[in-house]
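For reference, the structure is listed below as structure tokens.
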Amino acid sequence: MSVLPTARAPDAISTTALAGEELAAELRERRWTRIERVLQVAVFAVIVGGWELTARVGLVDPFFFGQPSGIAGTIWRWTTRGTPAGPLWQHVTVTLEETILAFLIGVLIGVVAGFALARNRVLAAIFGPYVRMGNAIPRVILGSIFVIWLGLGMASKVALGVTLTFFIVFFNAFQGVREVDPNLVNNARILGASPRQLSFDVMLPSALTWITTSLHTSFGFALIGAVVGEFLGATHGLGYLVATAQGAFNTNGVFAAMVILSVVALIADALMTKLEHWLTPWRPSAQRPGP
């Protein structure tokens, strides 16, 4: 009768100790998160404050290097009264449309081509050298050719974004299929899986981690393609705002467009992270890309 309470006591103590350790770890994590936020704000304050101070005392020329207060004023003016080329939201919308279209088309073609070449060695042998050759071309210079071929509209920007996005997704999809565990494939074959079931029930889910890893980078490259295309020739878009401000020697305008682009990129990155969590819920957070 006296043995049972004696045997439960260590279990109760270990459970309490474990709960205490978990609580302490959670508190340490929250404290570290607050420190990270404070350091991030401190870095921003030092850089922007130092920039503003050196511009005000004359150590740097605001005409060439701009001034944070002037950049903030430009963004406020564009937001409330519009840009010289129309409302700001219209330029943001145009750039986002071009970016999203380039991203979707580039991802679709990249996944299909990467999967097909990884599954078929004949296709890989035939098209492999051409893919590597295309990847070696500095694709930004294709923007001028696309403007000549497709004009100043949205098509030329989407085409440039697709060429930047395609190769990132292609190589990740190709490598993801090639890296599928052979034992997993052999076991599926032994269990009677057809080639179609091997492709879509075994290999594609296994390669999904590689493909989703490329989404962050590929969306950024799609945005670069849209902005570079607008910079080369357009009538709307954030790249067009940069080109217009540069032509008018408006340094604050160039930086203002860059700040807006950065905000758009951060929002897009957060959405990509949510999409990645949805596509690969089994993946640990520590293995996900990004800081």
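A few notes on this one:
- Between Thr83, Thr93, the distinction of being β-branched (Val, Ile, Thr), more than 27 Å from Phe174 (Cβ to Cβ) and in contact with a helix residue (DSSP H, G or I) (Cβ under 8 Å, 6 or more places away or on another chain) belongs to Thr83 only.
- When residues in region 185-200 are screened for being surrounded by 13 or more Cβ atoms within 10 Å (Cβ to Cβ) and not β-branched (Val, Ile, Thr), 6 of them pass.
- Hits in region 77-89 (condition: part of a helix (DSSP H, G or I) and either at pLDDT 95 or above or open to solvent by less than 60 Å² (accessible area, probe 1.4 Å) (or both)): Trp78, Leu88
- Going through (1) in contact (Cβ under 8 Å) with a residue 60 or more places away in the chain; (2) in contact with a helix residue (DSSP H, G or I) (Cβ under 7 Å, 6 or more places away or on another chain) one by one, Phe231 falls short only on (1).
- One residue from Val169, Val177 being open to solvent by less than 40 Å² (accessible area, probe 1.4 Å), in contact with a Ser or Thr (Cβ under 9 Å, 6 or more places away or on another chain), farther than 20 Å from Ala136 by Cβ and hydrophobic (A, V, I, L, M, F, W, C): Val177
- When region 22-76 is filtered for residues that are among the aliphatic types (A, V, I, L, M), under 16 Å from Phe255 (Cβ atoms) and in a helix (DSSP H, G or I), the ones remaining, listed by number, are Ile47, Val48, Ala55, Ile71, Ala72, Ile75.
- From the options Ala173, Ala256, residue that is among the small types (Gly, Ala, Ser), under 18 Å from Leu117 (Cα atoms) and part of a helix (DSSP H, G or I): Ala173
- Candidates in region 90-128 are the residues that are within 12 Å of Ala222 (Cβ to Cβ) and surrounded by fewer than 17 Cβ atoms within 10 Å (Cβ to Cβ); of these, the one that is farthest from the chain's Cα centre (by Cα) is Glu97.
- Exclusive hit being touching a Ser or Thr at 6+ places or on another chain (Cβ under 8 Å) and either of a type outside the set (A, V, I, L, M) or free of Cβ contacts under 8 Å to residues at least 40 places away in the same chain (or both), set Ser156, Ser218: Ser218
The values are calculated or read from the model by the stated rules, or taken from the named source; none is laboratory data. What you are looking at is a predicted structure, and each value in this text was computed from that prediction instead of being measured. Cβ: placed from backbone, ideal geometry, glycine included. Neighbour counts: every protein chain shown. Remember, those area values only see protein heavy atoms, side chains included, never the ligands or the DNA or RNA. Shrake-Rupley method; radii C 1.70, N 1.55, O 1.52, S 1.80 Å.
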